[in-house]
Each structure stands twice: as structure tokens, then as C-alpha cells.
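Taking it in order: structure first as C-alpha cells, then the write-up.
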Amino acid sequence: MIEFSNVSKVYKNGTAALNDVSLKIDDGEFVFVVGPSGAGKSTFIKLLLREEISTSGIVEVNGHNLTNMKRRQIPKFRRSLGVVFQDFRLIPNMSVYDNVAFALRVTNVSSKDIRRRVPYILGLVGLAGKARSMPEQLSGGEQQRVALARALVNNPQVIIADEPTGNIDPELSYEIVDLLNEINKCGTTVVMVTHEHDLVSQFNHRVISIAEGSVVSDGVDWRSR
Ligand SMILES: Nc1ncnc2c1ncn2[C@@H]1O[C@H](COP(=O)(O)OP(=O)(O)O)[C@@H](O)[C@H]1O
Ligand SMILES: [Mg+2]
């Protein structure tokens, strides 16, 4: 479960990015986080990943209080989450297979399990035939599916995606969200930031709208508010 209790974030330069945000996301939910540029969406994500720390209030993720988490606990905590970014962040000189396998190698998974798990996950995201390709040989949509495979391969409880469709064609964006939707049906919590309202309206999920650092609406029938 994810819980923000009266969370505010003021950056060092004085910018107030989030103001007194309180919300709860239950295990197994699929939540869109929407709002204009500069609203505080990425700050929300960075607080969830413990890339930033709240200035006040408490952020809790999967039973961890991130506000007082020790530095040495952070890497293990982050590995319990699957993260996808707008710019894919693949390793350019590694094949598709190795980009995904790498996420397992850093967690001491046996080579036998890696050889079993990587092809399975690549198949799941529809890239079974691309295992030997290099990232630069793939379309944006395919690269994002590799990033998604990498995020999924450790079986995270939660997938966190910050504008994952921001750099891909609209037709392929739907596929990415559809894939996240399938993953969610298997029980994984999904938190996805986007400013593409057309995309959001194609799925019947909870939508948290943020504007100027505050939650301005939260619910499934978000367009009527
Ligand atoms: N590291 C930072 N230092 C100072 N200000 C920041 C930093 N990151 C973001 N901001 C500011 O915080 C506000 C919210 O930014 P952000 O969370 O990135 O919004 P969004 O993702 O919704 O576009 C913006 O005014 C932005 O300029
Ligand atoms: Mg952002």
C-alpha cells in the first residue's frame, strides 16, 4: 500500500512542488496521476521512489516509512518497485536480453533462473523475437516495452511509470497502457503519470488530478468534476 499523509515538498530553491497531499493507493489498484506540466507529478513519483524526501508529512510505501528510511535500506527498497521512465533509460551497448537480464544479475538471481525468466518476460511484452537486438534498432514503442520487461522481471509489487508514453507514437501508447493493464490484472499495483487525457479516458481507472501541488480531484469519473 502507498500512503501520503499531509505531504509537502519544498525544493532547496524555495519552489513548493507539493502542498499538504494526503492519499492512499491500495494493493492491486491502477491509478493514473494527471495534471499540467509543473503540477508536481514527477515530485510525487520521486517521493515514492525515495529519490526526494518530503519536507513535511509522511510517505509510506509497502510498509516502509520513507521519511526516516536509512540510506543503506534504499537500494533494496527500490528493487522492490518496477520503474519506467519517459526516456526508457536502456543501456545502449547491451542487447534487449542483457538489458532485462541485468536487472536480475544485480540481485544475485542464479543464471539458471535468468535463462528461464528473461525469455518468459520478453514473450509477455511481445518481444520474444527481439532478444538479440540492440536498443537503437528498436522503435520507441519497442524500447519502452523492453523497459517495461526490465521493470517486471523482478516481480515487483508495484509498477511506477512517469510519462511512459511521452516519447512514443499515440497508437503505440495505447499498447503500453494496455500491457500495464494486463499486468495489473495479475495483481500488480500500477501508478502511471501522464498528461494524455485521451489515453486516460480509454481506461476505466482511478484518476488523481494534481494542479499546483495539490490534489484537485480523485476518482473514476474524473471528467465530470
Ligand atoms: N530539483 C528541483 N529543484 C527545484 N525545483 C524543482 C525541482 N524539481 C522540480 N521542481 C519544480 O517543482 C515543480 C513541480 O515539478 P514536477 O514535479 O517536475 O512537475 P510535473 O512532473 O508535474 O511537470 C515545478 O515548479 C518544477 O519547476
Ligand atoms: Mg514530470
Segment 201-225, residues that are surrounded by fewer than 19 Cβ atoms within 10 Å (Cβ to Cβ) and among the β-branched types (Val, Ile, Thr): Val216, Val220
Options Asn167, Asn154; residue that is touching a residue at least 40 places away in the same chain (Cβ under 8 Å), part of a loop (DSSP other than H, G, I, E, B), away from ligand 2 (no atom under 16 Å from the Cβ) and within 20 Å of the chain's Cα centre (by Cα): Asn154
Within segment 170-194, tally of residues that are within 16 Å of ligand 2 (Cβ to nearest atom) and closer than 27 Å to Arg105 by Cα: 2
Matching residues, segment 25-45, being within 19 Å of Gly82 (Cα to Cα) and surrounded by fewer than 16 Cβ atoms within 10 Å (Cβ to Cβ): Asp26, Asp27, Gly28
Long-range neighbours under 9 Å by Cβ, at least six apart or interchain, first residue touching a residue at least 60 places away in the same chain (Cβ under 8 Å) and within 15 Å of Val158 (Cβ to Cβ) within segment 36-54, second in a helix (DSSP H, G or I) and away from ligand 2 (no atom under 13 Å from the Cβ): Leu48/Leu66; Leu49/Leu66; Leu49/Phe77; Leu49/Arg78
Residue among Lys24, Lys46, Lys12, Lys41 that alone is closer than 13 Å to Val191 by Cα, within 7 Å of ligand 1 (Cβ to nearest atom) and either at pLDDT 95 or above or of a type in the set (Val, Ile, Thr) (or both): Lys41
Scope segment 23-35; condition in a strand (DSSP E or B) and either touching a residue at least 24 places away in the same chain (Cβ under 8 Å) or out of contact with any strand residue (DSSP E or B) (no Cβ under 8 Å at 6 or more places or on another chain) (or both); matching residues: Leu23, Ile25, Phe30, Val31, Phe32, Val33, Val34
Selected residue (criterion: farthest from ligand 1 (Cβ to nearest atom)) from residues of segment 54-100 that are at pLDDT below 95, closer than 30 Å to Glu136 by Cβ and assigned to a helix (DSSP H, G or I): Arg79
Failed item in (1) outside any loop (DSSP other than H, G, I, E, B); (2) of a type in the set (D, E, K, R); (3) within 16 Å of ligand 1 (Cβ to nearest atom), with Glu51 passing the rest: (1)
Matching residues, segment 123-147, being of a type outside the set (Gly, Ala, Ser) and either under 16 Å from Asp169 (Cβ atoms) or more than 19 Å from the chain's Cα centre (by Cα) (or both): Leu127, Lys130, Arg132, Met134, Pro135, Glu136, Gln137, Leu138, Glu142, Gln143, Gln144, Arg145
Candidate set from segment 101-130 (those that are polar (S, T, N, Q) and part of a loop (DSSP other than H, G, I, E, B)); member that is nearest to Ile176 (Cα to Cα): Thr107
Residue count for segment 49-69, restricted to those that are under 14 Å from Thr189 (Cα atoms) and buried (at least 18 other Cβ atoms within 10 Å of the Cβ): 1
Residues located in segment 193-211, provided they are within 13 Å of ligand 1 (Cβ to nearest atom) and touching a strand residue (DSSP E or B) at 6+ places or on another chain (Cβ under 8 Å): Val193, Thr194, His195, Ile208, Ser209, Ile210
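The values are calculated or read from the model by the stated rules, or taken from the named source; none is laboratory data. A quick note: this is a predicted structure, and the numbers were derived from the prediction, not measured. When we count neighbours, we look across all protein chains shown, and the Cβ atoms used for this are built from the backbone with ideal geometry, even at glycine.
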